[in-house]
1. Taking the condition at pLDDT 80 or above and either of a type in the set (A, V, I, L, M, F, W, C) or surrounded by 12 or more Cβ atoms within 10 Å (Cβ to Cβ) (or both), does VAL180 pass?
2. Restricting to region 264-302, count the residues that are closer than 27 Å to LEU15 by Cα and at pLDDT 85 or above.
3. Quickly run through region 288-303 and pick out the residues that are in contact with a Leu (Cβ under 7 Å, 6 or more places away or on another chain) and either at negative phi or surrounded by fewer than 21 Cβ atoms within 10 Å (Cβ to Cβ) (or both).
4. Mind listing whichever residues of region 51-65 are under 12 Å from the mean Cα position of the chain (by Cα) and either under 17 Å from MET107 (Cβ atoms) or at pLDDT below 95 (or both)?
5. Quick check on region 343-356: of everything there that is small (Gly, Ala, Ser) and at pLDDT 50 or above, which residue is farthest from the chain's Cα centre (by Cα)?
6. Tell me yes or no: at least one residue of region 15-33 is of a type in the set (Gly, Ala, Ser), in contact with a Gly (Cβ under 7 Å, 6 or more places away or on another chain) and either surrounded by fewer than 24 Cβ atoms within 10 Å (Cβ to Cβ) or modelled with pLDDT of 90 or more (or both).
7. Listed residues ARG323, ARG340; which is touching an Asp or Glu at 6+ places or on another chain (Cβ under 8 Å), at pLDDT 85 or above and either closer than 27 Å to ARG114 by Cβ or buried (at least 20 other Cβ atoms within 10 Å of the Cβ) (or both)?
8. On the basis of being closer than 20 Å to GLY24 by Cα and assigned to a helix (DSSP H, G or I), does ALA288 make the cut?
Amino acid sequence: MASVLSPRLLLRGFLIFIGISVLGYAGVLLYGNNLSAFLEALGRVHWGWILVGVGLASMDWFGGGLRNWVLVRLVHPNPPVAGMILSGGMGAWAAYLTPFNSGAGPMTIYAMRRAGIPLPLAVTTTLMSFIATVLFFALAGPLAIVLGAGRSLGNHGNVLGLTLYDLFLGSLGLFVGIGVVLVAVIVFPGIARRGLHWAATRLSRRSRRVAERLEGLRRNIDEAHHSVKAFNTPRGWLALAWATLLSGPSHANKLLAGYVALRAVGIQAQFVDVLLVQTLITFLLYFAPTPGASGIAEILSSAVMSSVYIPKELAPLYTLIWRCILSYFTLAFGFVVFSRWVHGRFKAGQGLDEDDAVDADALVPAPER
């Protein structure tokens with residue numbers, strides 16, 4: 001497998017994330033245009049809701065980890081719960097440091113390998129976890145419409161003549177379309193396998209070095225094919241159904257951060273309406289091109305929420321609390337975990353230079369001592 005992530009790349013992603021986030025937040029402060037009101041609001045923060053937000057941020061770890069555990073246990077005996085929790089949290093951590101959440105898969109695979117999960121199964125579980133996420137939003141979106149999203153979102157927003165409801169439908173269509181394709185991968189795994197082999201063969205003709213690397217990839221494709229087939233069974237579909245349900249808790253920080261941040265700044269709002277707006281924001285940010293949707297998240301959240309719930313002068317404080325729950329807490333704890341992993345490799349005498357890849361092949365962990 002080609003190098004996907006490295007410590008240098010992750011550090012660069014973190015610096016880019018911070019830099020763009022600062023610029024985005026500066027824009028929010030200018031939008032609020034009332035620094036004295038912002039400073040005064042800091043003294044009125046409801047810290048009990050901040051603690052709720054800390055617990056909510058942990059669902060990146062516990063919700064995502066339990067989802068991985070449900071999927072892995074289908075074909076692997078007694079997967080370690082702690083290792084699966086780490087895989088869920090560290091996958092979210094790497095997603096926040098890379099564009100389009102692209103680091104989530106490689107880091108999840110690496111964390112699973114550390115927990116003793118074979119590479120093909122780790123790859124398959126990561127794919128199934130992504131499918132569960134897409135299915136969750138593809139199902140939750142229409143349910144949100146049934147619960148009244150059309151009425152609550154249709155009255156707000158005017159982006160190029162589009163209401164929040166129009167944006168909601170457009171992003172929902174993307175998730176439904178992707179969900180259909182991914183379910184087809186499970187139902188017809190042979191077609192997906194042949195397609196991957198065809199692509200690997202075409203690539204191998206261009207370079208001997210690529211051809212050598214792709215030999216191992218072909219073996220992994222074949223092994224992963226057998227794992228995917230295990231999910232096209234009654235037990236497999238049941239596991240995927242549970243994983244889809246657990247995608248709710250694993251994305252709880254994204255869906256509920258807005259409501260908690262509102263309460264933290266002293267604003268009460270109708271819970272379901274806020275949930276629907278946050279679902280829309282999650283849809284729009286999921287494929288953002290900047291690491292962790294930096295800059296885009298701050299401006300989009302502030303613009304959408306201030307058009308519905310928040311006075312402009314409170315937008316900066318709301319955005320700061322919302323962003324902490326959404327990603328800052330996970331980023332901080334994830335860096336502690338990752339630094340311990342790196343330090344552990346040095347201590348074991350293996351070393352880890354800044355260009356070592358953090359993926360399923362390049363960083364096979366040393367045995368625990």
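The values are calculated or read from the model by the stated rules, or taken from the named source; none is laboratory data. All of these numbers come straight from a predicted model, not from anything done at the bench. Neighbour counts run over all protein chains shown; Cβ positions are idealised from the backbone, glycine included.
1. Spelling it out, VAL180 is indeed at pLDDT 80 or above and either of a type in the set (A, V, I, L, M, F, W, C) or surrounded by 12 or more Cβ atoms within 10 Å (Cβ to Cβ) (or both).
2. 19
3. Of everything in region 288-303, those that are in contact with a Leu (Cβ under 7 Å, 6 or more places away or on another chain) and either at negative phi or surrounded by fewer than 21 Cβ atoms within 10 Å (Cβ to Cβ) (or both) turn out to be PRO291, ILE296, ALA297, LEU300.
4. ASP60, TRP61, GLY63, GLY64
5. Of everything passing the filter in region 343-356, GLY349 is farthest from the chain's Cα centre (by Cα).
6. Yes, the conditions are met somewhere in region 15-33.
7. Among ARG323, ARG340, only ARG323 is touching an Asp or Glu at 6+ places or on another chain (Cβ under 8 Å), at pLDDT 85 or above and either closer than 27 Å to ARG114 by Cβ or buried (at least 20 other Cβ atoms within 10 Å of the Cβ) (or both).
8. no
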